[in-house]
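The values are calculated or read from the model by the stated rules, or taken from the named source; none is laboratory data. Treat the numbers as computed from the prediction; the structure is a model and nothing was measured. Heads up, the Cβs are rebuilt from the backbone with ideal geometry, glycines too, and the neighbour counts pull from every protein chain shown.
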Amino acid sequence: MLDLHGYFPFILKGMVVTIEVALGSLLIAVILGMLGATAKLSKSRVAQGIATFYTTIIRGIPDLVLMMIIFFGGQLIVNDIADKFGWGYIDISPFFAGIVTIGFIFGAYMTETFRGGILAVPRGEIEAGYAFGMTSKQVFFRITLPAMVRHALPAFGNNWMVLAKTTALVSVIGLQDMVYNANQAGGTTRQPFTFLLVVAFLYLLITGVSDIALRLADKKFSVGVRRA
């Protein structure tokens with residue numbers, strides 16, 4: 001049993017923050033991913049260009065650099081605007097900045113994931129929907145989306161696993177996640193290695209539970225397909 005000097009509840013409190021950041025970031029990433037995939041598959045060259053620029057920029061800049069740019073750069077931009085309108089100083093919370101940054105980053109990866117999933121849907125199934133008199137909206141929600149989920153789920157799961165681990169970056173902007181709390185506890189007790197091992201185990205716990213959930217989701221969305 002590791003001697004955590006009474007800091008274990010402190011680490012667990014940080015773990016809750018980590019999970020909140022991960023889930024909030026995932027929500028933003030999914031929304032941006034669907035918008036990006038739709039833009040890339042649209043007939044509009046402007047929409048395609050914007051989506052391509054977005055994914056290219058994100059995949060070419062390190063996550064940590066983006067985190068610092070959005071947090072500190074966003075703080076400057078927001079307060080420059082606030083000064084012009086006389087609103088006074090606005091403090092952007094590290095929690096909000098962390099969620100937005102990670103969601104923005106993984107929205108680019110989700111864009112490619114969803115685009116690939118949509119392209120994998122057999123064209124014949126979509127045409128069959130139109131033949132039955134469905135509207136474009138009905139075809140998307142009843143045929144394209146469910147089929148896309150099955151094709152996109154493996155890549156989506158990989159993105160989620162990486163996203164969950166990327167939340168460790170929020171500690172550099174002062175958010176008290178479990179990495180930040182572990183560093184504080186390790187510095188106080190002079191046992192940083194011990195607390196980092198605990199954090200590593202907790203991340204393994206999160207990804208392990210996620211893996212089980214993803215396997216169950218894959219099984220659900222593959223009903224009938226594997227039998228065929």
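Points to keep in mind about this one:
- Segment 173-199 - residue that is among the β-branched types (Val, Ile, Thr) and under 28 Å from the mean Cα position of the chain (by Cα) and, of those, farthest from GLN75 (Cα to Cα): VAL198
- Residues that are among the charged types (D, E, K, R) and modelled with pLDDT under 85, drawn from segment 81-113: ASP83, LYS84, ASP91
- The residue pairs whose first member lies in segment 20-33 and is farther than 12 Å from ASP177 by Cβ and touching a residue at least 12 places away in the same chain (Cβ under 8 Å), whose second member is hydroxyl-bearing (Ser, Thr, Tyr) and surrounded by 19 or more Cβ atoms within 10 Å (Cβ to Cβ), and whose beta carbons are closer than 6 Å, counting only pairs six or more residues apart or on different chains, are GLY33/THR111.
- Extreme residue, modelled with the lowest pLDDT, among residues of segment 48-57 that are under 22 Å from the mean Cα position of the chain (by Cα) and not polar (S, T, N, Q): ILE57
- Screening segment 40-56 for residues that are among the hydrophobic types (A, V, I, L, M, F, W, C) and touching a residue at least 40 places away in the same chain (Cβ under 8 Å) and picking the one that is nearest to THR101 (Cα to Cα) gives ALA51.
- Per the listing GLY49, GLY14, the residue uniquely of a type outside the set (A, V, I, L, M) and surrounded by fewer than 17 Cβ atoms within 10 Å (Cβ to Cβ) is GLY49.
- Some residue of segment 155-174 being surrounded by fewer than 16 Cβ atoms within 10 Å (Cβ to Cβ) and farther than 28 Å from ALA108 by Cβ: no
- So ASN158, is it farther than 30 Å from ILE77 by Cα and assigned to a helix (DSSP H, G or I): yes
- Considered as a group, the residues in segment 19-44 that are in a helix (DSSP H, G or I) and among the charged types (D, E, K, R) include one that is nearest to the chain's Cα centre (by Cα), and that residue is GLU20.
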